[in-house]
Amino acid sequence: MASGPVENIILLADCYKSSHYKVYPPGTTKLYAYFESRGGKFPYTVFFGLQYLLKRWLCGPVLTKEMVQEAKEVIDQVFKREDVFNEAGWMHILEHHGGRLPLRIKAVPEGTVLPTKNVLFTVENTDPAVPWVTNFFETLLVQTWYPMTVATSSSVYRRLIGHYLRLTSDSEDMLEFMMHDAGYRGVSSVESAALGGAGHMLSFKASDTVAGSSLLRKFYGLQGVAGYSTPSSEHSTVTSWGRDDELASHRHMLTTYSQGDAGCVCDSYDIWKCLEEMWGGELKDLVLERGARGGCVYLRPDSGDPKEVVLKSLEILGKAFGTETNAKGYKMLPPCVKVIQADGIDLESLWGVLEHLKTHGWSTGGVFFGAGGGLLQKVNRDTQKCAYKVSYAEVGGAGVEVYKQPITDTGKTSKRGRLTLECGDDGAITTVQHGEGDPEKDILVPVFEDGALLRDYTFDEVQQRAQEGGKDFDVISFLQEQVAQ
């Protein structure tokens, strides 16, 4: 990914934005907007991703005369008229600000976990000559919804798996590796994979979406990588041997990668025969030898009803390799072999698998999971009902509260006036409206002004905030309420 704009920033907005500068009230010199999650699927939000957008698109001189000329040509053609494009406004930014955007942005520190319906960042113009610039970049800035929503979803995955580990396992040491991101191929673009993959890495260290680590290295100061994987087979590496040589394909995988962990897909043909006769029979000694050297074989069923397939897989492997009963009274496979279910996993199906295993006496500690489209793609802006609205303006030298209040949907009523985000003595976070907040208590931090990045968060500090926040969230009650609805 490039570190600066490779596109014309004037064209990084909905076309109709180009017409708005003429229709604000005459005498408008200030527009102040905010971004929030108005509710949605999850009751809290893990804020993440704004820094990427700022660094990627808005920092430094980002406007040139050539961009203005190109944008005028494009916008004139889009509207089929020549009185829409704001050539004078963009040239003002170029001539008076050297192509740097006269914007001030304050945001909650990245990684912060906070209840929905609170302000997450605010945006305002710093030059009274171009108030329209505040809302012009709504299109781009609202795209924070995506990494934020994946980060929130993965946080809930972590809390769900952690809940069942505490019930059925003696240790939570492997929690951060128990949900693997397998979504690279299932998203709409490489950039989506990078943003979503990075959001997942705030909660888990298991990932095949290496683009997430690449993004974090470039935009969040990551040293090394944040997501780890292991040599693993796929269907092509098994089926290319032919049905009659499936056993040989698995043996070759184990001998080729003879040290450490290895993953093997088992459902190319008859998964039950594969588990019972191959892994529990012909290959058993190789698995045990690997285990004696500290390695583990992760066997992957990849089709069928997840909860039934995982349980039956454990039962077959338990019969072949034996089981131990942990201190919580639940069965465990030996450390040399585990099951990893990476097909059909989303939040609801994961809950179903974990509860099903618990009911049948199996510990969560013997099963790992992977998610693809359910993790990175089955989300949209409405998952957390993200919105960007103007709440304050200055017109003719007077401050004006700005808001919407549609009678057909009270949930879309917007906030009014200047906003602060404050933490009360009881720890509760609330948004104070009407400019009545205490600036000394404001959690929002200046992160961008006039083209300069003011805060450069590292991945380590963002991840720490994400994992420490929201620990009182009752994930089971939440899921039960979801089912009831």
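The values are calculated or read from the model by the stated rules, or taken from the named source; none is laboratory data. Quick caveat, the model's predicted, so the values are computed rather than measured. Using ideal geometry, Cβ is built from the backbone for each residue, glycine included, and neighbour counts are taken over all protein chains shown. The area values use the complete protein model at the heavy-atom level, side chains included, leaving out ligands, DNA and RNA. Shrake-Rupley method; radii C 1.70, N 1.55, O 1.52, S 1.80 Å.
Here are a few things to note about the model shown:
- In the range 168-242, Cα pairs under 8 Å separated by at least six residues give a relative contact order of 25 percent.
- Angle in degrees between helix 145-168 and the longest Cα principal axis of the chain, rounded to the nearest 10: 30 degrees
- Dipole of the chain, positive end: most advanced residue of Met174, Gly294, Thr237 [Cβ charges, Cα centre]: Met174
- Calculated FRET value between Asp474 and His20, using beta carbons and R₀ = 45 Å, to 0.05: 0.55
- Relative contact order (percent, whole number), the range 305-391, Cα cutoff 8 Å, 6+ residue spacing: 31 percent
- Among the listed pairs Lys117/Lys378; Lys117/Lys358; Lys218/Lys412; Lys80/Lys218; Lys30/Lys412, those whose Cα-Cα separation exceeds 31 Å are Lys117/Lys358; Lys218/Lys412; Lys80/Lys218.
- Coil-residue chymotrypsin sites (Phe, Trp or Tyr not before Pro) of the range 415-478, DSSP, other Cβ within 10 Å capped at 14: none
- For the chain, the solvent-accessible area with a 1.4 angstrom probe is 43 square angstrom per residue.
- Within the accessible area of the range 68-134 (1.4 Å probe), percent carbon and sulfur: 48 percent
- Taking label points 7 Å from Cα along the Cα-to-Cβ direction, Lys65 and Glu191 give a separation of 2.8 nm.
- For His434, the residues whose amide H sits under 5 Å from its own are Arg416, Gly417, Arg418, ignoring neighbours fewer than 5 places away on the same chain, with H placed 1.01 Å from N.
- For the chain, the longest principal axis of the alpha carbon atoms and the long axis of helix 306-321 meet at an angle near 40°.
- Taking each residue as 0.36 nm, the span from Leu454 to Lys378 lengthens on full extension beyond its C-alpha to C-alpha distance by 24.0 nm.
- Potential lengthening between Glu289 and Asp76 on full extension [0.36 nm per residue; Cα-Cα distance subtracted]: 69.6 nm
- Expressed as a fraction of 2.2 N^0.38 Å, the value expected for a compact globular protein of N residues, the C-alpha radius of gyration of the range 1-140 is 1.13.
- Converting phi to 3J(HN,Hα) with the Karplus coefficients 6.51, -1.76 and 1.60 and the offset θ = phi - 60°, the range 114-131 yields 8, x, 5, 6, 10, 5, 10, 7, 10, 9, 8, 7, 9, 10, x, 6, 9, x Hz in sequence order, with x at every glycine or proline.
- Taking the chain and dividing mean pair separation by its residue count, relative contact order in percent (alpha carbons under 8 Å, at least six apart): 22 percent
- Residues whose amide H lies under 5 Å from that of Asp267, counting only those 5 or more places away or on a different chain, are Asp302; hydrogens are built 1.01 Å from N in the peptide plane.
- Given +1 at the Cβ of Lys and Arg, -1 at the Cβ of Asp and Glu and no other charges, the dipole of the range 442-485 around its Cα centre is 140 debye to the nearest 20.
- Helix 459-468 axis versus longest C-alpha principal axis of the chain: approximately 70°, rounded to the nearest ten.
- Karplus-derived 3J(HN,Hα) values for the range 216-221, using 6.51 cos²θ - 1.76 cosθ + 1.60 with θ = phi - 60°, are 5, 5, 7, 10, 9, x Hz; glycine and proline are entered as x.
- Counting only the Cα atoms, the range 192-269 fills a convex hull of 112 Å³ per residue.
- Dipole of the chain, positive direction: furthest Cα of Leu444, Ser363, Ala206, with charges on the beta-carbon: Leu444
- Dipole magnitude for the range 96-251: about 460 debye, using +1 per Lys or Arg Cβ and -1 per Asp or Glu Cβ, origin at the Cα centre.
- Gly39 long-range amide H proximity, modeled H, under 5 Å: Lys117
- The 3J(HN,Hα) values that the Karplus relation (6.51, -1.76, 1.60; θ = phi - 60°) gives for the range 475-485 are, in residue order, 5, 6, 4, 4, 5, 5, 5, 4, 5, 4, 6 Hz. Gly and Pro appear as x.
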